[in-house]
Every structure is written in structure tokens, then in C-alpha cells.
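The values are calculated or read from the model by the stated rules, or taken from the named source; none is laboratory data. The structure presented is a predicted model; accordingly, all values stated were derived computationally and were not measured. Here the Cβ positions follow ideal geometry from the backbone for every residue, glycine too, while neighbour counts run over all protein chains shown.
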Amino acid sequence: MARKALDWHQPVLLQEVLEYLQPRKRRRYLDATLGGGGYSYEIHRQGGLVLSLDWDPSIVVLAKKRYSCPNASWRLRVGNFARLATFCQEENFCPLSGIIFDLGLSRMHYQMRRGFSFKETAPLDMRLNPHLQETAADLIRRLPEKQLAVFLERLAQEKYAREIAQALKKTIRKTVSAKEVAKAIVDIYYRHGEQPKLHPATKTFLALRMMVNREEKNLSAGLAASLWVLHSRGRLLVISFHSGEDRIVKAFFRQQEGKRKLKILTKQPIYPSERELKVNYLSRSARMRVAEKI
Ligand SMILES: C[S@@+](CC[C@H](N)C(=O)[O-])C[C@H]1O[C@@H](n2cnc3c(N)ncnc32)[C@H](O)[C@@H]1O
């Protein structure tokens, strides 16, 4: 049977990203989260030199095929953006005029059978990079129930954290399938007579993914490293998708503004337009903050 074509990632806030980044010919830009390559492609098309990173090797393979790159003016690299300063140095690609972070997962990730989607019978893996040793299923097995509950509450504000932690420990003894794990969470919500608009497993899956991929730690390290490679008046754009990420970005921008290292250009975050919300459901929780290096 022929394999279904991948539903490709549609970039969010693309116009707004280009307005703030203002790509110029022969200037250097880092796309710290390549994904479907939407921003990299456009910056390159407008004459910018681009280095694109993605921690997921399969994403880099897909992008190379789709765009017939790399070439002299658009390079791609597998790597964690926490180490972006090292990559820029190794590629002799600094100082930079702009950096864009578009956090989280691409649309392709939900079709890769790696346990990111609630509908998958695939194992609950959730690693972005195969070199990470622990899958989400391993993590549920290793963590004590109480600690798991604390993480679910802290990372995703899950109100049934304790019950869910208990159910996760129990379910993971019988199965590692993402679908079965999601169902156990749905059952808890139903027992409480709730049918939330978002799938009941959304918060738990988010928290597990964040733990497996150490997302908070990587984001903090990536933001700090950006200051090393941006040139004066270079711009830092960050698109986040939940309040945990946004808090880290907001606090970093404020702290660096206090030290006179950054000037914040967006007093309030930029949200997608009504029009974009209608055509791209993945944009529904996106918000962008921008700052300029002083
Ligand atoms: C929302 S997608 C980016 C979409 C892209 N801007 C586009 O328009 O197609 C986020 C990407 O960041 C990657 N990613 C997540 N954490 C990363 C990290 N620490 N370092 C590098 N890439 C990361 C994911 O693998 C994913 O492909």
C-alpha cells in the first residue's frame, strides 16, 4: 500500500516574523527550530544567509529533500539549540542579524508514530532525538507517583495530577501505547463528569514531552547563548505555545533589559490574526515576543 504523504507544517505568524526580522541580503540569520523550514525558506528567498538547526534528525532529512539544500547560503544542522553558540562558531556563522525560535513540535511530529499523538497505537516515546536515553514510558516507570504528580501540576497545571499520575503508573505496566495511556486520562475526566474542549490528555502529554526533552532547560540555555552570537541591533524572536515557555521568555527578556543587554520591542506578545486562526489550527496558542540586542 502506498504511504500517505506527510501533512507538512504550516509556519505560524510568518508575516509577523518577517516584519520583525526584516531579512536583508547577505546578513546572517539563525533558525533555531527548522521544523518544516517555513521561516528558513522565506529568509533565504529574501537573500539572507541561513543556518537552520533542528534537534530531530528526521526533520533535517525531510527538509533537505523538500528544499534541495544545503547550499552555500542555506546550511542545515542537527543540533540542540541549547548549544547554538557552538554551532555558529563551528560553522563560522556569526555575528547574527537575527535568531528565531519557534518552540515545540512540528505538524509532522504528530504523524511520525513516536507517541506524540493521543490517537497512536505506537509506543509512548516522545524523544525528539534518538540519543536521549529515556522515553516517556521509561520516565513514567522510573519516577515515583508523587513526583510524577508534582511535575504534571507544575509543568502543565493539570488539576487531576494525582489521579493521573496513579493511572499512568498503573497503565504503563500493561501497555506503552500512547492511545491506551490517553484513554486512561480520558476516563478520569469522565469520572469527574467533565468533557473539556481540549482533549483531556493534552496537558499530561505536554508535561511528559517537556520532561523527556528537558525543554525548559534547553530554552533557558538557548536564550542565554543567543546573546553571545547576535550583533548589536540583532533581533531575537521567540514564539511559544504555552504559559510555561512564555514565562521563561518574558522573564529572560525583562532580566536582560534590566542589565541593558536587550531592548524589548513587543510590550505585549503578538498573537495570530483571526484569519490565520481560521486556516491554521496549530497557531491557536501561539504568541511571539521580540527583543533587540543593545
Ligand atoms: C514548531 S516546529 C518549527 C516549525 C518551523 N518554524 C516551520 O515554520 O516549519 C519546532 C521544531 O523545533 C524542533 N526542536 C524542539 N526542541 C529543539 C531543540 N532543543 N533544539 C533544536 N530544535 C528543537 C522540533 O524538532 C521541531 O521540528
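For this structure, a couple of remarks:
- Count - residues of region 148-162 that are polar (S, T, N, Q) and part of a helix (DSSP H, G or I): 0
- Just so you know, in region 119-162 the residues that are hydroxyl-bearing (Ser, Thr, Tyr) and over 27 Å from GLY79 (Cβ atoms) include one that is surrounded by the most Cβ atoms within 10 Å (Cβ to Cβ), and it is TYR160.
- Qualifying residue in region 104-114 (condition: under 18 Å from the mean Cα position of the chain (by Cα), hydrophobic (A, V, I, L, M, F, W, C), within 16 Å of the ligand (Cβ to nearest atom) and at pLDDT below 95): yes
- Selection status of SER117, polar (S, T, N, Q) and assigned by TED's automatic domain parsing to the domain that holds TYR281: no
- Answer residue from region 13-58, given it is part of a loop (DSSP other than H, G, I, E, B), within 18 Å of the chain's Cα centre (by Cα) and not β-branched (Val, Ile, Thr) and is farthest from the ligand (Cβ to nearest atom) among those: LEU13
- When region 59-88 is filtered for residues that are part of a helix (DSSP H, G or I), of a type outside the set (A, V, I, L, M), in contact with a Phe, Trp or Tyr (Cβ under 9 Å, 6 or more places away or on another chain) and more than 18 Å from HIS9 (Cα to Cα), the ones remaining, listed by number, are PHE81, PHE87, CYS88.
- Contact map, region 97-110: residues that are under 23 Å from ARG26 (Cβ atoms) and in the same structural domain as VAL238 (by TED's automatic domain parsing) paired with residues that are more than 11 Å from the ligand (Cβ to nearest atom) and assigned to a helix (DSSP H, G or I), Cβ distance under 6 Å, separation 6+ or inter-chain. Pairs shown: GLY98/LEU21; ILE99/SER226.
- Identity of the residue in region 238-258, touching a residue at least 40 places away in the same chain (Cβ under 8 Å) and hydrophobic (A, V, I, L, M, F, W, C), that ends up surrounded by the fewest Cβ atoms within 10 Å (Cβ to Cβ): PHE241
- Those helices (runs of 4 or more DSSP H) of region 163-268 in which 2 or more residues are among the acidic types (Asp, Glu) occupy 178-191, 215-229, 243-258.
- Among the residues of region 269-283, the ones that are touching a Pro at 6+ places or on another chain (Cβ under 8 Å) and in a loop (DSSP other than H, G, I, E, B) come to 1 in all.
- Residue within region 198-208 that is in the same structural domain as ASP31 (by TED's automatic domain parsing), of a type in the set (A, V, I, L, M) and at pLDDT 95 or above present: no
- The one condition in (1) within 12 Å of the ligand (Cβ to nearest atom); (2) modelled with pLDDT under 95 that ALA5 fails to fulfil: (1)
For (1) in contact with a Lys or Arg (Cβ under 6 Å, 6 or more places away or on another chain); (2) exposed (fewer than 14 other Cβ atoms within 10 Å of the Cβ); (3) among the acidic types (Asp, Glu); (4) free of Cβ contacts under 8 Å to residues at least 60 places away in the same chain, each residue gets a yes or a no:
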{"position": "THR171", "(1), (2), (3), (4)": "no, no, no, yes"}
{"position": "TYR190", "(1), (2), (3), (4)": "no, yes, no, yes"}
{"position": "PRO200", "(1), (2), (3), (4)": "no, no, no, yes"}
{"position": "PHE205", "(1), (2), (3), (4)": "no, no, no, no"}
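- Residue selected from region 49-72 under the condition among the small types (Gly, Ala, Ser) and touching a Gly at 6+ places or on another chain (Cβ under 8 Å), by the criterion farthest from ARG24 (Cα to Cα): ALA63
- Residue check, ARG233 loosely packed, with under 14 Cβ neighbours inside 10 Å, out of contact with any Cys (no Cβ under 6 Å at 6 or more places or on another chain) and within 26 Å of ARG27 (Cα to Cα): yes
- Being basic (Lys, Arg), at positive phi and free of Cβ contacts under 8 Å to residues at least 24 places away in the same chain is a description that applies to ARG214.
- If you go through region 37-59 and keep only what is out of contact with any Lys or Arg (no Cβ under 7 Å at 6 or more places or on another chain) and surrounded by fewer than 22 Cβ atoms within 10 Å (Cβ to Cβ), you end up with GLY38, TYR41, GLU42, HIS44, ARG45, GLN46, PRO57, SER58.
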